[in-house]
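Here is the structure we will look at.
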Amino acid sequence: MNVACPQCKTVFRVDPRKVPTEGVRARCSVCGGVFEVVSEAKQAAAGSAVIDATPAAVAAEAAESETGGAAVADRQEPAPEPPASPPPAQAAPPQRAPVPSAGAPKPAARLFGQPDPEARARRLARALISDVAAYNPDRQEAGLREGRLKELFQVELKKSWQEYVDQVGIEVARSTPYFRDALNEILAKGKRVF
Amino acid sequence: MSMINYASREINCKIVYYGPGLGGKTTNLEYIFNKVAPNTRGKLISLATESERTLFFDFLPVDLGTIRGFKTRFHLYTVPGQVYYNASRKLILKGVDGVVFVADSQVERLDANIESMHNLYENLAEYGYDLRQIPFVIQYNKRDLPNVSPVEELDQHLNPDRVPSYEGVATTGVGVFDTLKAVAKLVIKSLG
């Protein structure tokens, strides 16, 4: 059977034997959207009901995600490879699946800013370090005064570097000076500390 | 994606306040919460994480009239602004009906503003939404501070489509309701 991701419209071929009668949740490997795969038997019987998460439920899910819960759902589920392999079955009850409403065609989404990955990496580095400085002005002052910036911001800088690497890739992160430049310009206020 | 409650004859709309950390999203929401009539609003709910939080409350504006006999209830959300809390931000955007981008006007936060705007487009795109099709307004906050970028420069970097933008000082309420009314109006227009 063929299954189309309702968000990006990519069509996957799925072995119908792997879809239980009550349906399964799957994550699209192209756009990352989660959707319900309805079994052929159920498809034949009726159209699937659309049940949406309430705003409060979404926010509650969001809160969980930072403590480790939904972040797993976001990143670590095995994803199907188009066009041949099936979307993976999930343990969650099918009625929780956020199936987008049928009907209204989705407009072609557009991104913002420069597509240049180097410019993006530079900006991301500066935004990350700017966050660290903005949230900890007193510690920044103390670090500059006492020459202990590296020591005082060890945790934040590790977390920021990790996020930077996750987003731009280890090669760009290591081969460009953007992260270090941002540290010296923003956190060290122009001194060459890093 | 607005939800209709037939029992209470209300249309529920979700408005998300987006933007970089410490830009004033929470201050906007708290100001609105304190100004709307207590009998028309729900509780202010704070979903705290290790160092960031999401605020949420809903209210029913009394002066907006009805759409085919239905009143409009707005659900206002903030997102955690720091770059690395993207999982939360993305989830909160789900089903959004209108977006307010609260920019921090300070010169040193320009990159954080641009990165946050980029992230907003990216997260919406993953849901198949396009910001050009969604009610969207921008607030340039913290205009009372000495080290702010000129509005023209902020517009150039953050507002290429020239959506409605407002100058704000959320701590004193300047521009807060102008911004909210503008996005509410666009949301209602999109429903009609």
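Every read-out reported here was derived from the displayed coordinates using simple, explicitly stated rules and does not represent laboratory data. As the structure is a prediction and not an experimental result, all values here were calculated from the model. In this analysis, Cβ positions are derived from the backbone assuming ideal geometry, glycine residues included, and neighbour counts consider all displayed protein chains.
When only Cα pairs below 8 angstrom with a gap of at least 6 residues are kept, the range B:3-191 shows a relative contact order of 24 percent. Each Lys or Arg adds one and each Asp or Glu takes one away; over the other residues whose Cβ falls under 15 Å from the Cβ of A:Ala188, this sums to +2.
Taking a straight Cα-Cα cut-off under 27 Å and skipping sequence neighbours fewer than 8 places away in the same chain, the lysines within cross-link reach of B:Lys181 are A:Lys106, B:Lys14, B:Lys25, B:Lys35, B:Lys43, B:Lys71, B:Lys90, B:Lys94, B:Lys142, B:Lys189. Applying a DSSP loop filter and a limit of 14 other Cβ atoms within 10 Å to the chymotrypsin sites (Phe, Trp or Tyr not before Pro) in the range B:1-92 leaves B:Tyr6.
Remark: the range B:3-191 carries a charge dipole of roughly 1000 debye about the Cα centre, counting +1 on each Lys and Arg Cβ and -1 on each Asp and Glu Cβ. Computed from backbone phi, the HN-Hα couplings of the range B:70-79 come to 9, 8, 10, 9, 9, 10, 9, 10, 10, 10 Hz, rounded to whole numbers (Karplus: 6.51 cos²θ - 1.76 cosθ + 1.60, θ = phi - 60°; Gly and Pro given as x). Using only Cα atoms, locate the centre of the range A:1-40 and the centre of the range B:106-143, then give the distance between them in Å, rounded to an integer. After rounding, the separation between the Cα centres reads 31 Å.
Assuming R0 = 51 Å, can you tell me the calculated FRET efficiency for the pair B:Ala7 and A:Gln154, based on Cβ-Cβ distance, to the nearest 0.05?
That gives a FRET efficiency of 0.40.
How much net charge surrounds A:Tyr178 when only other residues with a Cβ under 14 Å from its Cβ are counted (Lys, Arg +1; Asp, Glu -1)? With Lys, Arg at +1 and Asp, Glu at -1, the neighbours total -2. Applying 0.36 nm per residue to the separation of B:Arg68 and B:Glu153 and subtracting their alpha-carbon distance, the gain on full extension is 26.4 nm. Neighbour counts of C-beta atoms inside 10 Å place A:Asp166, A:Asp116 in the sequence A:Asp116, A:Asp166, starting with the fewest. Estimated from the Cβ-Cβ distance and a Förster radius of 30 angstrom, the FRET efficiency linking B:Ile45 and A:Tyr135 is about 0.85. Below 8 Å between Cα atoms, with a sequence gap of 6+, how large is the relative contact order for the range A:130-194 in percent? Relative contact order, the range A:130-194: 35 percent.
Expected output is a single nm value to one decimal: the length gained when fully extending between A:Asn2 and A:Ala119, i.e. 0.36 nm times separation in residues minus the C-alpha distance. What is it?
Answer, rounded to one decimal: 38.1 nm.
Whole-Hz Karplus values for the range B:4-20 come out as 9, 9, 5, 5, 9, 6, 10, 9, 9, 10, 10, 10, 10, 8, 10, x, x Hz, taken residue by residue from phi with 6.51 cos²θ - 1.76 cosθ + 1.60 and θ = phi - 60°; glycine and proline positions read x. The 3J(HN,Hα) values that the Karplus relation (6.51, -1.76, 1.60; θ = phi - 60°) gives for the range A:149-160 are, in residue order, 4, 4, 5, 5, 10, 3, 5, 4, 5, 5, 5, 5 Hz. Gly and Pro appear as x.
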